[in-house]
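Report on the structure given below.
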Amino acid sequence: MRRDFAIFIVVAGMAVPVYAELLLMGSVVDSSGAPVPEAVVTISSGDTVSTLITNSRGRFSFSKIQDIELEVRVVAEGFAEVVRHVSIGTPLLRIVLQPAPFTDTVTVTASRGEQRLATAASTVVLTSAELLNSAAGALDDRLRHTPGFSLFRRSSSRVANPTTQGVTLRGVSGSGASRTRVLVDGLPLNDVFGSWVYWNRVPLASVERVEVVRGAAGDLYGADALGGVIQVLTFQPSRTRVRATIDGGSHESSRISTYAGIQHHGWHSTGAVEWGRNGRVFTIAPEVRGPIDRKASSKHGTGFIAGGYNAGLWRASARFSLYNEVRGNGTPLQVNDTEWKQLSGEVAGSVGGGALQVRLSRGQQSYYQTFTAVSSNRMSERLVRKQTIPSTFSNISTQWTRGWDSYVLLTGIEATYTQSTIKRTSYTWSGVPIGPFFSGGTETSGSGFVRLGFSPSKDVTLMFGTRADFWKSNPRDSTLSTHTSVFFSPRVSAAVRLTDLIGLQGSVYRSHRTPTLNELHRGFRVGNVVTNPNSNLDPEHLDGFEASVLFEAARASARVTGFWNKLYGAIANVTLTSTPSLITRQRQNADIVRARGLEIEADIRPHPRWTVGALMVLTRSNFLHKATQSVLTGNRVPQVPIYQLGTAITYVDPRSFTGSVQIRFISDQYDDDLNAFKLNSFSVVDVSGSQALSRGVHLFTGVENLFNKDYDVGRTRIRMIGWPRTFRVGLRIFFPQ
């Protein structure tokens, strides 16, 4: 996050003696132009030191200053401290407040809620300003600049099938299911049926920051946290706030995103609404494109409304959310849509000298998709299957946190229940429907977890955590077996500050993931690739460790992290047969995947106006020689690149201009388990800029894929291509300002 603050100095009188009373006024904003409240502004005037807190508009005012040379110091949560020397002769001074380096990051994700706890894990925090200053048009595309982050496919969520939006961190993969837990304000964003992620479910205008914790976190989050945790945190109604983004661009893309929050006498309410048309682009490469190919497209509407009351030591709130999405998947007959709604509530307060939080939620979802067979010359297609999948889900969790002098204890329990029914209709060659057929089932889980943080000194932090889970999957079909499992997920972490410039971090962990209802019971077809379910899948578990060295200097910081993971019983899409006209796969426990690698991150600030970030990730993820599927021995895990490189350069001008350039390089990877279909390496350049038009109103523009790079996202017989060059322009509105 980058915050700038403008300091206006008004001098009374034509000539001012050295000790005359002077007035210093100013405001604090971030690099996107939004005001920053509750920033601590300190001025040193002669022997006098004065401190103020910025108001809800980010403004401050000092009076009775008795010196013409001042030192101004600004500190705000999530930002690096800024010190400037101001002369009375300067009519206007605008200082940029840079985001805190990752070496100083303290996260919320480590505590499963709003209370901030330090973590010894590798953490990246993307602030609202950083997200807004990106040219990317969707949240998942913004996250692609995070070390080790990838989806099951390279394609953007704007036109990709939702089932390919499983999140992978550090090469822990094998199939389209997420191995990373994704949350919004503590509530799961992962699909309850298939674990994929609907990135557009969160209105962008409401996002305060995104926290990414890499490394297994099963001790707190259980299944799906093999690779780590991503938490999207929205703005809380601590004050009146209105934010809006309106933009449009090439390929018929447009978005309106709004957020509003207010608090009055203990009562608070928030709401956000977003509507987006996410573009119309070809996903099939031009050299193989046929008459049936159309531009893929999607549009969505989403929103939430929340309210509650804060009664001192206790607070209560409720939230209702809606989401609707409609997609065209590139041919006349391939479509899918999703309808989702959820009601959640939370009660929190002080119990037993600690903080108790109880959260519950319940919701419904309906997913619909069609599947077709396409002729080899792409002259025609025929409908082969329709699926409708209604699901209901509920969750309840409690946690209690208490701190002592050098200890922090967090403990809790959690339970979830999901019921999904798959209604499938098949079609013959002549188009005659057969069915419907029904499958699916229920999934029940319960868990208890505890984490203890201990700081024997100010330079040492130790964390011990474990979680016990019970899982039961009961199929709708009585001829299939019921699956149950009990497992434990321990984690031990340590962080040591050796000197003011060097720190060490390390973790050892075990985590588990249970197969989703989608993997157990739903088959699907994409073009001429058929993937079958497997009701006999077992849970997979991961053992691993990581170690980091952190370096910090006056204008630079860096982190080097090595990691090693073994995923036992990895669920993979295993190829059974392959012909030019049809490829058949099945989800199977492929025994062992080993992922190991090195992450290098750097943050350099050569000048108050410039920030340079860089990353390099090296990952080797392979099926081991002990694999049950001997044909996979030594093969690279599909959809995991060996190299990931990136840099982001941001410039903030004192005259309210912000510019950013982002470059990323992805090495080659494979589209399948047999490593028969290679996706070539590529690089993409994005640029963006914003300019303040008036107080609280900013014009912005961005270009994704500046050089219109044609790159692979799929090669299973037919080459599929990624997001083309796209221009966007729009307005951002912040109130108050």
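What follows is calculated from the coordinates using simple rules that are stated; it is not laboratory data. Keep in mind it's a predicted model, so treat the numbers as computed, not measured. Here Cβ is always computed from backbone atoms with ideal geometry, including for glycine, and neighbour counts include all displayed protein chains.
Worth a mention:
- Within region 573-674: Cβ-based charge dipole about Cα centre, in debye rounded to nearest 20 (Lys, Arg +1; Asp, Glu -1): 140 debye
- Under conditions of 25 °C and 0.890 mPa s, region 423-575 yields 125 µm² s⁻¹ as its translational diffusion coefficient, taking Rh as the Kirkwood radius over Cα pairs in the Stokes-Einstein equation.
- Taking the fewest neighbouring Cβ atoms within 10 Å as the starting point, the ordered list for Trp471, Trp400, Trp314 is Trp314, Trp400, Trp471.
- Distant-in-sequence amide H partners of Gly696 (H built 1.01 Å from N, under 5 Å): none
- Fewest-first ranking of Ile718, Ile733, using other Cβ atoms within 10 Å as the exposure measure: Ile733, Ile718
- For region 551-654, relative contact order (Cα pairs under 8 Å, six or more residues apart, normalised by length) works out to 24 percent.
- Helix-only [θ]222 nm of the chain, DSSP H runs n ≥ 4, -39500 (n - 2.57) each, per residue, nearest 500: -500 deg cm²/dmol
- Distance between the C-alpha centres of region 477-531 and region 536-562: 16 Å, rounded to the whole angstrom.
- Ser455-Tyr643 FRET efficiency (beta carbon distance; Förster radius 30 Å; 0.05 resolution): 0.20
- Sites Ala556 and Val40, calculated FRET efficiency, Cβ-Cβ separation with R0 22 Å, nearest 0.05: 0.35
- In terms of other Cβ atoms within 10 Å, Ser128, Ser511 run from fewest to most in the order Ser128, Ser511.
- Relative contact order for the chain, counting Cα pairs under 8 Å that sit 6 or more residues apart, in percent: 11 percent
- Given Lys458/Lys566; Lys299/Lys472; Lys299/Lys386; Lys566/Lys709, the pairs whose alpha carbons are separated by over 25 Å: Lys458/Lys566; Lys299/Lys472; Lys566/Lys709
- Cα gyration tensor, region 201-276 - rounded (a/c under 1.5), prolate or oblate: oblate
- The chain, dipole about Cα centre (Lys/Arg Cβ +1, Asp/Glu Cβ -1), debye to the nearest 20: 1720 debye
- With contacts taken as Cα pairs under 8 Å at a separation of at least 6 residues, region 395-532 carries a relative contact order of 17 percent.
- In sequence order, calculated HN-Hα J values of region 472-481 (Karplus, 6.51, -1.76, 1.60; Hz; x Gly/Pro): 9, 10, 10, x, 5, 6, 5, 7, 8, 7
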